[in-house]
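Written out below as structure tokens is the structure these notes cover.
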Amino acid sequence: MSTNDPRALRNAFGSFMTGITVVTAVSKTGEKVGFTANSFTSVSMDPPLLLVCPANKLSSFDVFEQCEHFAVSILAEDQQDVSNTFAGSKEDRFAQVDWFEDEFGTPLIRDAVTHFSCSAFEKISAGDHLMLVGKVESFNTTEKFGLGYAKGGYFSLGMEHKAEEMAHGKCARVGGLIESSDKLLVQKSAAGYQLPTVDVLADKGSRASLEQFMLNLGGGYEIGQAFSVYEKAQTGNFVAFYRVEHAEQTAPEGYEYVPLGDLPKLSFASADLTSMVSRFVSEKKNGVFRLYFGNEVEGDVR
């Protein structure tokens with residue numbers, strides 16, 4: 001595919017799973033600045049170096065271009081709000097989050113997984129970004145899980161592990177919220193609309209059973225994070241639903257793709273499906289997907 005398509009290239013870069021960081025610095029006049037970045041990597045152990053890449057169009061670019069010190073906070077899995085604040089807020093970002101200063105007066109995000117306080121080691125102009133290499137002067141880290149990011153959405157390894165553990169041992173059925181070009185795959189039945197589901201195979205877990213089901217539908221499906229794991233009151237069995245992306249826009253036989261905006265008009269076969277699809281549409285709009293644990297009536301969205 002040609003690099004003349006910036007959106008396609010951005011999506012290709014975004015297929016690489018990364019963590020989420022907030023990079024901060026202080027201007028020469030004392031203004032605190034920061035931005036959300038997943039372009040972060042370790043560079044060297046001796047000396048200890050790391051790399052971040054602020055974009056030239058960043059409103060605080062001049063501060064990072066001239067800074068003597070900066071800091072990197074690797075966000076924890078429950079800090080999506082912090083990531084969103086430093087990615088998009090036009091107001092005082094530091095007034096909206098909990099933070100403290102390192103030994104150089106640079107802000108660090110409280111409760112992050114890891115903090116790095118750096119001196120500016122080297123600055124290299126590279127296309128429309130600045131390669132800002134920092135020498136790690138001090139750091140601290142915890143055993144928390146970090147916040148992940150891939151293909152335009154967040155994911156949490158901690159919640160993924162818990163969902164997989166529950167789904168593998170307790171689930172009788174597994175299904176998919178299968179999306180293609182802002183449409184969701186559904187199946188019409190006498191009881192109302194359904195989402196694609198299948199029985200969990202005795203010798204496989206929920207995810208492997210769903211993978212087999214996707215192959216039977218024709219392939220081209222990419223299974224993402226767990227979206228809901230909950231108990232069905234009538235049977236006492238659990239059901240798990242995963243987010244799935246479909247590269248093709250053609251629905252398999254017996255199914256149809258419905259635009260996300262039209263989904264609220266559909267009558268689903270059960271209240272749990274209605275609630276789950278409604279949450280999916282809402283979270284798709286704000287770009288923050290969460291994970292539901294519980295039963296058909298109540299539970300936790302994390």
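The values are calculated or read from the model by the stated rules, or taken from the named source; none is laboratory data. Predicted, not measured: the structure shown is a model, and the values here were computed from it. Every residue, glycine among them, receives a Cβ derived from its backbone with ideal geometry; neighbour counts consider all protein chains shown.
Table: residues versus (1) assigned to a helix (DSSP H, G or I); (2) of a type outside the set (Asp, Glu).
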{"site": "Val239", "(1), (2)": "no, yes"}
{"site": "Tyr242", "(1), (2)": "no, yes"}
{"site": "Val258", "(1), (2)": "no, yes"}
{"site": "Asp262", "(1), (2)": "yes, no"}
{"site": "Thr274", "(1), (2)": "yes, yes"}
{"site": "Phe289", "(1), (2)": "no, yes"}
Worksheet item: What number of residues within the range 146-164 satisfy the criterion of being over 13 Å from the mean Cα position of the chain (by Cα) and either within 30 Å of Pro252 (Cα to Cα) or modelled with pLDDT of 85 or more (or both)?
Response: 2
Fill in: Identity of the residue in the range 93-147, among the aromatic types (Phe, Trp, Tyr) and part of a strand (DSSP E or B), that ends up surrounded by the most Cβ atoms within 10 Å (Cβ to Cβ)
Phe116
Item to complete: Could you look through the range 232-249, keep only residues that are at pLDDT 85 or above and aromatic (Phe, Trp, Tyr), and pick out the one that is surrounded by the most Cβ atoms within 10 Å (Cβ to Cβ)?
Response: Phe241
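This table checks each residue for (1) surrounded by fewer than 13 Cβ atoms within 10 Å (Cβ to Cβ); (2) under 24 Å from Ser282 (Cα atoms); (3) in contact with a Lys or Arg (Cβ under 8 Å, 6 or more places away or on another chain).
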residue	(1), (2), (3)
Leu177	no, yes, yes
Ala202	yes, no, no
Gly219	yes, no, no
Ile223	no, yes, yes
Tyr230	no, yes, no
Glu256	no, yes, yes
Fill in: Residue ranges of strands (runs of 3 or more DSSP E) in the range 28-83 with at least 2 members in contact with a Ser or Thr (Cβ under 8 Å, 6 or more places away or on another chain) and crowded, with 16+ Cβ neighbours inside 10 Å
32-37, 48-52, 69-74
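Residues are listed down the side, and each one gets a yes or a no for (1) assigned by TED's automatic domain parsing to the domain that holds Phe293; (2) modelled with pLDDT of 90 or more; (3) more than 22 Å from Ser278 (Cα to Cα):
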| site | (1), (2), (3) |
| --- | --- |
| Ile178 | yes, yes, no |
| Gly192 | yes, yes, no |
| Val200 | yes, no, yes |
| Glu211 | yes, yes, yes |
| Met214 | yes, yes, yes |
| Val229 | yes, no, no |
Worksheet, complete the sentence: Going through the range 60-109 in order, the residues found to be among the acidic types (Asp, Glu), within 30 Å of Tyr292 (Cβ to Cβ) and free of Cβ contacts under 8 Å to residues at least 24 places away in the same chain are Asp81, Asp98
Item to complete: Can you run down the residue pairs with Cβ atoms below 7 Å, 6 or more apart or on separate chains, where the first is in the range 263-276 and in contact (Cβ under 8 Å) with a residue 40 or more places away in the chain and the partner is surrounded by fewer than 16 Cβ atoms within 10 Å (Cβ to Cβ) and hydroxyl-bearing (Ser, Thr, Tyr)?
Response: Ala269/Ser189
Discussion item. Checking the condition surrounded by 15 or more Cβ atoms within 10 Å (Cβ to Cβ), touching a helix residue (DSSP H, G or I) at 6+ places or on another chain (Cβ under 8 Å) and at pLDDT below 90, which residue from Leu291, Leu260 passes?
Written reply: Leu291
